[in-house]
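To start, the structure under review is shown below, and the notes come after it.
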Amino acid sequence: MGGTFDPIHNGHLFVAEAARIAMQLDRVLFIPNGHPPHKLEASISSAQDRFAMVELAIADNHRFTCDDTEMKRGGKSYAVDTLAELSLRMPSAAIYYIMGVDALSEILTWKEPQRVMTLASFVAVTRPGYDVEVDLECLPESFPESFRNSLSILDLTEVGLDISSTTIRNRIAAGEPVRYLAPDRVIEYIEQHRLYLLQNQ
Ligand code: ATP
Ligand code: MG
């Protein structure tokens, strides 16, 4: 599961665990972007802070690991490079890319989307505010058949955890509570390091 994780929150954790169980995955790797190509660099917390928060958030789940593949690689973080690196490192592993449907609808704007689609299977999870049916209707025209076959949609609308990192950052900047939106240890880290106090994102 790739992401900016600025910060990681309970939406990410719930989705990862639900996808792990639904797809019978051995492990979930959380891979924080080093330099996300789609986001404005200046407004993002350091890779070190984002990585540390992921580590704190997943510490009590032995099937979750934090992976520094993207942070270690210089330059912008592209999923195609990460997936190629992971499949070299774990040649016998079946790799599933877990994402929200908001990310799924952007996949065609990624670097080498066709190659990305051959390097992993995909699990797209519903996300409040993003209409999965609309997204799926778009798929037949824009996505190759091989991709549609390797795509699983995980419907979590029943739970509908409408949490985003943007909301958490904005609430902190506005002095509003965020407890229970992310693990306590993550919130303590945010407070200790005085993250997100300025509303610039
Ligand atoms: P931001 O508001 O900064 O964009 P975010 O909450 O969207 O943060 P990201 O790090 O951008 O988090 O997302 C990482 C991945 O997690 C993406 O694939 C995104 O779709 C997914 N995701 C994040 N929050 C949720 C959620 N509440 N439900 C389902 N998927 C989610
Ligand atoms: Mg996002």
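Set the Förster distance to 41 Å, then compute FRET efficiency between Glu85 and Thr167 from the Cβ-Cβ distance, nearest 0.05. Could you put the intermediate results ahead of the total?
Numbers: r = 32 Å, r/R0 = 0.77.
After rounding, the FRET efficiency stands at 0.80.
Per residue, how much accessible area does the chain have with a 1.4 Å probe, in Å²?
Roughly 53 Å² per residue, with all protein chains present.
Alpha carbon centre of the range 11-37 versus the range 78-126: separation in Å?
After rounding, the separation between the Cα centres reads 12 Å.
Grab the other residues whose beta carbon is less than 14 angstrom from that of Gln114, score K and R as +1, D and E as -1, and report the net.
Result for the local shell: +1.
Which net charge results for the neighbourhood of Tyr196, defined as the other residues with beta-carbon distances under 9 angstrom from its beta-carbon, given Lys and Arg at +1 and Asp and Glu at -1?
With Lys, Arg at +1 and Asp, Glu at -1, the neighbours total +2.
Is the chain best put as rounded, prolate or oblate by its Cα gyration tensor, with a ≥ b ≥ c the root eigenvalues, rounded for a/c under 1.5, and otherwise prolate when a/b is larger than b/c, oblate when not? Write out the running numbers ahead of the final one.
Working: a/c = 1.57, a/b = 1.41, b/c = 1.12.
In terms of gyration-tensor shape, prolate.
The values are calculated or read from the model by the stated rules, or taken from the named source; none is laboratory data. What you see is a predicted model; the values in this text were computed from it and never measured. Cβ: placed from backbone, ideal geometry, glycine included. Neighbour counts: every protein chain shown. These area figures cover heavy atoms from the full protein model, side chains too; ligands, DNA and RNA do not enter into them. Shrake-Rupley method; radii C 1.70, N 1.55, O 1.52, S 1.80 Å.
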